[in-house]
1. Where residues in segment 138-154 are open to solvent by 20 Å² or more (accessible area, probe 1.4 Å) and in contact with a helix residue (DSSP H, G or I) (Cβ under 7 Å, 6 or more places away or on another chain), which of them is nearest to R194 (Cα to Cα)?
2. Among the residues of segment 158-167, write down those that are in contact with an Asp or Glu (Cβ under 9 Å, 6 or more places away or on another chain) and open to solvent by 20 Å² or more (accessible area, probe 1.4 Å).
3. Between residues in segment 139-160 that are free of Cβ contacts under 8 Å to residues at least 24 places away in the same chain and residues that are open to solvent by 40 Å² or more (accessible area, probe 1.4 Å) and small (G, A, S), which pairs lie under 7 Å by C-beta distance while being six or more apart or on different chains?
4. State which residue is nearest to S124 (Cα to Cα) when the search covers only segment 182-197 and only residues that are assigned to a helix (DSSP H, G or I) and open to solvent by 60 Å² or more (accessible area, probe 1.4 Å).
5. Checking the condition farther than 30 Å from R184 by Cα and surrounded by 13 or more Cβ atoms within 10 Å (Cβ to Cβ), which residue from L123, L103 passes?
6. Can you tell me which residue in segment 258-311 is most open to solvent (accessible area, probe 1.4 Å), limited to those that are among the hydroxyl-bearing types (S, T, Y) and in a loop (DSSP other than H, G, I, E, B)?
Amino acid sequence: MATEKKKNIYEIDKCPECGSSQLVRDYERGELVCSNCGLVIDDSYIDEGPEWRAFDSEQSESRARTGSPMTYTIHDKGLSTDISWKNKDSYGKSIPTRNRAQLYRLRKWQKRIKVSNAAERNLSQALQELERMASNLSIPNDVRETSAVIYRKAVKQNMIRGRSIEGVVAGSIYAACRITNVPRTLDEIASVTRVKKKEIGRTYRIMARYLKLNILPSKPDDYVNRFCSKLRLSMEARKRAEEILKMAIDNDLTSGKGPTGVAAAAIYIASLITGERRTQRAIAEVAGVTEVTIRNRYKELTEKLNLTIEE
């Protein structure tokens, strides 16, 4: 009966006295209390937290015994173990010199058995390449995780055969950026890899079709913040560029045109309006488009939106 009572305690969501759902779990006293009427529903509530206390993040990390969370960016998902290089035992004592050769051999075999076959070795190599590209592109962790999941799906669908690992990794990163709304252009991804832009685009389209990735077309306003940061424009210029893009979308001026070119033209117009003038060449270098594209989009936007620009 006592076991049944304890099990049911975790399922209680209302006070048996007044019917209120405002229950407070007091872990210091081990009580489950109704904050409405004050009834103590249970007086031996189990604290599921750690038995130790920490007063700062460093202390918390040193006392925690759970390790790092699971991640798809490592071939074994971060669940394997490593033998430390500190040459100390579990008590913190230094290991005698006569035993260090044996420990060295154990470390070497531990590394070998982590990658047991060709498939794991290729996956390990691909995920290392993914980490390198993502670091060079300053991509956040959630995008890295998404790209690793996409790559693993591609491996399961046997899409790696006949294609370079680097090309499929680049395609995975591009797809993950599109899915998570952290857009990177094909030119930017091609700049950190040895694969050509055309090949990355082709691989991406094949992956999107076979893996059934639900990817929406990128929008010009997705690029505004990043381009403005690189050009060191003020918040006022960013807001003005976003307003111009909103007007352009409402007037259906963006369909059928490259989002980076439209974003670059809107930023150029905003820089002229706010008096923070940036040259077309500077904006073209940041956006990865030509100056001719910016001029063409600039003319279209100013004429169709009736914008008066003092150059």
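1. The qualifying residue nearest to R194 (Cα to Cα) is R144.
2. R163, S164, I165, E166, listed by residue number.
3. Filtered contacts from segment 139-160: no entries.
4. Taking the candidates together, the pick is K197.
5. L103
6. Across segment 258-311, the extreme among qualifying residues is T308.
Every residue, every condition in (1) open to solvent by 20 Å² or more (accessible area, probe 1.4 Å); (2) within 21 Å of the chain's Cα centre (by Cα); (3) outside the structural domain of I269 (by the TED database); (4) closer than 27 Å to R132 by Cβ, yes or no:
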position	(1), (2), (3), (4)
K156	yes, no, yes, yes
T180	yes, yes, yes, yes
E199	yes, no, yes, yes
D222	yes, yes, no, yes
L233	no, no, no, no
A237	no, no, no, no
K246	yes, no, no, no
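For every residue, the table says whether it meets (1) of a type in the set (G, A, S); (2) within 30 Å of the chain's Cα centre (by Cα); (3) at pLDDT 80 or above; (4) not in a strand (DSSP E or B).
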residue: N8; (1), (2), (3), (4): no, no, no, yes
residue: E17; (1), (2), (3), (4): no, no, yes, yes
residue: G38; (1), (2), (3), (4): yes, no, yes, yes
residue: S60; (1), (2), (3), (4): yes, yes, no, yes
residue: S68; (1), (2), (3), (4): yes, yes, no, yes
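The values are calculated or read from the model by the stated rules, or taken from the named source; none is laboratory data. Computed from a predicted model, the values in this text were never measured in an experiment. Positions of Cβ are generated from backbone atoms using ideal geometry, with glycine treated the same way; all protein chains shown enter the neighbour counts. When the accessible area is computed, the model is the full protein with side chains, heavy atoms only, and any ligands, DNA or RNA have been set aside. Shrake-Rupley method; radii C 1.70, N 1.55, O 1.52, S 1.80 Å.
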